[in-house]
Amino acid sequence: MKEFFRRNKKSFAPVQREGESQIPDNLWAKCPACRELIYQKQLTDSLKVCPKCSHHLRLVPHEWLGLLDHGSFVEHDADLWPADPLGFVSPKEAYADKLRLTQEKLGQADAVISGLGTIDGRRLALAICDFSFIGGSMGSVYGEKMTRAAERAAELELPLLTINGSGGARMQEGVISLMQMAKISMALTRLAAVQQPHIALLVDPCFGGVLASYPSVADIIIAEPGANIGFAGSRVVSQTIGGKMPAKHQTAEYMFEHGFVDMVTPRADLRATLSRLLTLYGAQTNAGLPRLDARLIEQEVRAGG
Amino acid sequence: MKEFFRRNKKSFAPVQREGESQIPDNLWAKCPACRELIYQKQLTDSLKVCPKCSHHLRLVPHEWLGLLDHGSFVEHDADLWPADPLGFVSPKEAYADKLRLTQEKLGQADAVISGLGTIDGRRLALAICDFSFIGGSMGSVYGEKMTRAAERAAELELPLLTINGSGGARMQEGVISLMQMAKISMALTRLAAVQQPHIALLVDPCFGGVLASYPSVADIIIAEPGANIGFAGSRVVSQTIGGKMPAKHQTAEYMFEHGFVDMVTPRADLRATLSRLLTLYGAQTNAGLPRLDARLIEQEVRAGG
Amino acid sequence: MTTSDTSTETLTAWDRVQLARNVQRPHTLDMVRGLCEHFVELHGDRRFGDDAAIVGGMATLQGRTVMIVGHQKGRNARENVQRHFGMPRPEGYRKALRLFRHAEKFGFPLLCFIDTPGADPERESEERGQANAIAECIMAMTNLRVPIIATVIGEGGSGGALAIGVADRMLMMENAIYSVISPEGCASILWRDAAKAPDAARAMRITAADVHELGIADAVIAEPAGGAHTDIAAAVESAALVIREHLEQLTGDEIATTLACRYQKYRAIGRFHERQQALLGVQAGEPLPFVV
Amino acid sequence: MTTSDTSTETLTAWDRVQLARNVQRPHTLDMVRGLCEHFVELHGDRRFGDDAAIVGGMATLQGRTVMIVGHQKGRNARENVQRHFGMPRPEGYRKALRLFRHAEKFGFPLLCFIDTPGADPERESEERGQANAIAECIMAMTNLRVPIIATVIGEGGSGGALAIGVADRMLMMENAIYSVISPEGCASILWRDAAKAPDAARAMRITAADVHELGIADAVIAEPAGGAHTDIAAAVESAALVIREHLEQLTGDEIATTLACRYQKYRAIGRFHERQQALLGVQAGEPLPFVV
Ligand SMILES: [Zn+2]
Ligand SMILES: [Zn+2]
């Protein structure tokens, strides 16, 4: 039922989406940056980093889960499903239809996957955006899952890792989507209160209301090389159709140069960097691994069942 | 024994230095900015603001005391005298000699006058630099008097007003003078702890180690129009001899434009502005005037006697 | 809640957009003049500059000192160039942040006035960290230890509005709007035609009545018939009554209570379903898709 | 205190200045490598830029996580251009400030390494608030709720040094200097000749031994004979021993105690006389000059 493309202790192993047919290794893929044709297997082995131009291709959440220790991930809040609070309809499509079609196509409810896992045995909470789900846009479910991830991390006194690739707020949920910026920030105050870090990974693309809220005030901000990151242009980028592309200056490297990102870390080094950070944050406050509160394990089982 | 040049409720009245012979009103003075000859009386009436070019001439501490309600000032710590901690000697002069000569010339011990007073009946602590005393440079006495002024304000739960015109640290006291930056900052934490404001007035010239410490972290920063204010060049400005003048950009207006000063306030409006600020800070925390602790009054009497 | 029952009730969302953007409406400094005494404007972020698109300072309101922070638009071309049309740059938000902390240090309740098309999107603002500046403001407001009342007096434009809008009470003037994206922006994407902005304005539910019905605005402040710009003094007085009332409520509470309520207020925003796995044919008890 | 009794004891102040400025001396990153494990460098002030003249990050020291902040000079022309000769701009100090707050949030003791000719004095630095940046750093350190150890490893240049130098323990390498103004600057003013810097260096008492004798440095760290640059590993190990010892002392105390001691430590710095009114012929009991 589960397949692992690769197991590399030093970096990480993308995990295949369940039910997805495995792509044969002898297929070719084209790098979206340099247009080079690459063997699928070679691309997989390099964690979807182009061997020719080092372009970091986008990962979907189940691929990001390969950052964690094998078998350590437990998903939470998978039972949250988007509503259509405004009854939003445009000539292009009704929001309710768009949701249904995207859910059926991707086999998931909305744009965030969250849960608990370990890296080198150290537990953490994590939440991962899925850009393939309506541009990773931030609606009520996104906000609620991020909020619960932060609250869970606070309650369990665990670090929180967020992986942020999003076009910004989800306009079909109107001002409710905007308010998710404040809601998630609220929850992060609880994490701060228990002196646990929020580590934000900015991946391609990260824009608008997402960048302008919780990831930009993380304790540690890591960006992937070449990722498009910026404030403006988000609303356009967040939609798959039309619209201008991000400006040239809206990159991870530009953000780093201007002091807004702690480090730009190649994907191959990411797991090692996170592991070291978890060691540093865990050295004083946690002697060994934090243990789960029994009551919470029960809740997790219920929520997960 | 005391003479007042002028009494104007709306602005303030410079107070003559005791024992100083009053300058006859029919003498002329030359504006150092526009070179205009001005009647001494006219200059005094305008609080030493040139009626032609609005240049704000420097005031010495006893003139600044005119900001306060008539008769309200009680000096503190007048019994602090500089030492010569390094036994500093240069071919130009020995520090000990320079101190003695300056003291004799100006009739005061060092570059800061401090105490308590009221503005429109509201009590405050204040400390005033005297640029005429070795460029208002910050040595041990300066540091100790500022520190005591902040501690006294904290103990009495009063606002602190500092009037800062200084070339920076006093190099003849070496690293001891540098450390006064930290010492005064320390004392300000006590003021913050009792939720009383530090209002810093930056006057011509304010440079170097003085600007780079307590005035720049004041709750409210007011600058006088045209005042030379800056970080670099201080060491040179602090000495009366040689050295380049402040750069063109080192002005109150430049500091305001770049966001480092809350307001540039003409001298004629200063007392009203301070009065309003004291009202605002006093509205909630102080119902009416704070009262002196009896023990402290006694100390004041002793210190003042 | 004060709800208006004037003739403006029949206005469309797009009509409200026009009213919200009317340059003759009361702006932040008009509100301050009508509401407070002893206003002292404070300037600068102590980092880089002073942004005229955000104004702030201390004032007294019913004998109590408050901190004011608001977007400031102009009334004519010259003023609007100076105020950058009420679109703050990072230094504007950092000035706001400084004043938030100042208010907290001295225990001054914070009154914010929202009136912006949005944060400045130009390259220079990106370069100086527009996203960071907004994020820090939002984060600071989540647990600022003084009561906060935010009033949308005109345009509530996206993150640029929210940056000074996380509050214990969120009030909206009757003809104010609050939107995650401008109607024109939304229309150009989802209608493929910016001219369909009136349709987008309706679909996004951006009017005060809508935002109140969605549970996000706590109260709607009645405006004079014809809109706030027809009688600024009356509009300001109408707002002042509501603001004073909420301020009185809030200052009666312990700050711990206020903070707990603020948390719950925002914690509760969002509409979603729970436990509907059946939607995709997944039955309860089945392994979850991404357990590895 | 570890005092050296090597041959360097006969060096003049000016000799020490040369040693302190020797580009081959151990710099901050050498100290980190020799002292700590798991170093992760953090970048940026989250305001404007990342200044390579100040480095910082987290590391472990004897199993404990610490925050490191230090000036960083280069060893050659290229490196020194990149590091701006260890002269931080405001964004460097604001990065330091961010890391101070980070250390405080997570309870990491702070280790600072001082090695700068001074803060950058250029116009661009003025424009972005050099004075403010230094002042905020100093202010933050006065009551930062973690233990702080500052070690002057080379040049301690005025306010640019003090900005990361307010500490519970102030240590100096044997050939380090700490000065309110460069010897050249002092000489050009008071000797009217920059070439008299050796005289000014002596007069200002800037060597580690002097600063220790003045009660400002808590300990002097012995260097290898010939100076730290002759054996970097030995020099770093010598410093590491002293730093570890002080860190152990400090982490044993309650933070309230540490803060109270820090206050007293700085409160006591200064040499002056009290009650000598007679100097000017004023007798006790007479009215004071400025009582109005
Ligand atoms: Zn490629
Ligand atoms: Zn003149």
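None of the figures in this text is laboratory data; all of them are computed from the coordinates on show. Since we're looking at a predicted model, the values are computed, not measured. Heads up, the Cβs are rebuilt from the backbone with ideal geometry, glycines too, and the neighbour counts pull from every protein chain shown.
Would you mind calculating the gained length between C:Val40 and C:Gln264 on full extension (0.36 nm times residue separation, minus the Cα-Cα distance), in nm to one decimal?
Net length gain for the segment: 77.3 nm.
Between D:Gly70, D:Pro109, D:Asn80, whose Cα lies farthest towards the positive end of the dipole of the stretch D:1-148 when Lys and Arg beta carbons carry +1 and Asp and Glu beta carbons carry -1, centred on the Cα centre?
D:Pro109
Which pairs in the list C:Lys105/D:Lys95; A:Lys183/C:Lys265; B:Lys248/D:Lys73; C:Lys73/C:Lys95 are over 20 Å apart, alpha-carbon to alpha-carbon?
C:Lys105/D:Lys95; B:Lys248/D:Lys73
Need one number: % antiparallel among DSSP beta bridges in the stretch B:59-303, to the nearest 5.
Given both bridge residues lie in the stretch B:59-303, the antiparallel proportion sits at roughly 40 percent.
What does the charge dipole of the stretch D:3-280 about its Cα centre add up to, to the nearest 20 debye, if the Cβ of each Lys and Arg holds +1 and the Cβ of each Asp and Glu holds -1?
Computed charge dipole of the stretch D:3-280: roughly 640 debye.
Just round it to a whole percent: the fraction of Cα-Cα distances in the stretch B:59-303 exceeding 28 Å.
Here the tail beyond 28 Å accounts for 28 percent of pairs.
Mind giving me the FRET efficiency for B:Arg100 and D:Arg192? R0 is 25 Å, r the Cβ-Cβ distance, nearest 0.05 is fine.
Working: r = 22 Å, r/R0 = 0.88.
Efficiency computed from Cβ-Cβ geometry: 0.70.
What is the Cα centroid distance between the stretch D:84-107 and the stretch D:136-214, reported in whole angstrom?
Each part reduced to its Cα centre gives a spacing of 19 Å.
By how many nm would the segment from A:Ala268 to A:Gln195 lengthen if fully extended, with 0.36 nm per residue of separation less the alpha-carbon distance?
Details: separation 73, 0.36 × 73 = 26.28 nm, distance 2.86 nm.
Taking 0.36 nm per residue and subtracting the Cα distance, the gain is 23.4 nm.
With unit charges on the beta carbons (Lys and Arg positive, Asp and Glu negative) and the dipole taken about the Cα centre of the stretch C:240-279, which residue among C:Gly252, C:Ala268, C:Ala240 sits farthest to the positive side?
C:Ala268
Using a Gaussian network model on chain D with a 10 Å cutoff between Cα atoms, which of D:Phe106, D:Phe272, D:Phe39 fluctuates the most?
Largest GNM mean-square fluctuation: D:Phe272.
Helix-only mean residue ellipticity at 222 nm, chain C, DSSP H runs n ≥ 4 weighted -39,500 (n - 2.57), per residue, nearest 500. What is it?
It comes out at -11000 deg cm²/dmol, rounded to the nearest 500.
Would you please classify the overall shape of chain C from the alpha carbon gyration tensor, given that a ≥ b ≥ c denote the square roots of the eigenvalues, rounded means a/c under 1.5, and beyond that prolate means a/b larger than b/c while oblate covers the rest?
Taking the square roots of the gyration eigenvalues as a ≥ b ≥ c, chain C is rounded.
Among D:Arg16, A:Arg58, which comes first, then next, by fewest other beta-carbon atoms within 10 Å?
Working: D:Arg16 22, A:Arg58 17.
Sorted ascending by nearby Cβ count, the order is A:Arg58, D:Arg16.
As an exercise, find the ratio Rg/Rh for the protein assembly as shown from alpha-carbon atoms, using the Kirkwood inverse-distance average for Rh.
That ratio is 0.99, to two decimals.
Report, in degrees rounded to the nearest 10, the 0 to 90 angle that the Cα long axis of helix D:90-106 makes with the longest principal axis of chain D.
In chain D, helix D:90-106 runs at an angle near 80 degrees to the longest axis.
Can you give the % of DSSP beta bridges in the stretch D:3-280 that are antiparallel, to the nearest 5? Could the numbers behind the result be given before it?
Numbers: 12 of 32 bridges.
Roughly 40 percent of the DSSP beta bridges within the stretch D:3-280 come out antiparallel.
Taking the Cα centre of the protein assembly as shown as origin, work out the dipole magnitude from +1 charges on Lys and Arg Cβ and -1 charges on Asp and Glu Cβ, in debye rounded to 20. Before the final figure, lay out each step's value.
Numbers: 128 positive and 140 negative charges, 220 e Å.
The calculation lands at about 1060 debye.
Find which of A:Ala169, A:His249, A:Gly107 sits farthest along the positive direction of the dipole of the stretch A:59-303, computed with +1 on the beta-carbon of Lys and Arg, -1 on that of Asp and Glu, about the Cα centre.
Going by the Cα projections, it comes out as A:His249.
On full extension of the chain, what length is gained from A:Asp45 through A:Asp120, given 0.36 nm per residue of separation minus the C-alpha to C-alpha distance? Walk me through the intermediate numbers first.
On the way: separation 75, 0.36 × 75 = 27.00 nm, distance 2.05 nm.
Gain on extension, A:Asp45 to A:Asp120, equals 25.0 nm.
Tell me the label-point distance for the pair D:Arg64, A:Lys52, using the 7 Å Cα-to-Cβ offset, in nm and rounded to one decimal.
5.4
Kindly work out what percent of the DSSP beta bridges joining two residues of the protein assembly as shown are antiparallel, to the nearest 5. Could the numbers behind the result be given before it?
Details: 66 of 144 bridges.
Rounded to the nearest five, the antiparallel share is 45 percent.
Can you tell me the 0 to 90 degree angle between the C-alpha axis of helix D:255-267 and the longest principal axis of chain D, rounded to 10?
For helix D:255-267, the angle is close to 50 degrees.
Can you sort C:Thr258, D:Thr230, A:Thr279, A:Thr147 so the residue with the fewest Cβ neighbours within 10 Å comes first?
By the 10 Å Cβ count, ascending: D:Thr230, A:Thr279, C:Thr258, A:Thr147.
D:Glu254 to D:Arg21: FRET efficiency via 1/(1 + (r/R0)^6), r the Cβ-Cβ distance, R0 56 Å, to the nearest 0.05?
Numbers: r = 40 Å, r/R0 = 0.71.
For R0 = 56 Å, the calculated efficiency reads 0.90.
Would you list A:Val112, D:Val146, D:Val180 from fewest to most Cβ contacts within 10 Å?
Result, fewest neighbours first: D:Val146, A:Val112, D:Val180.
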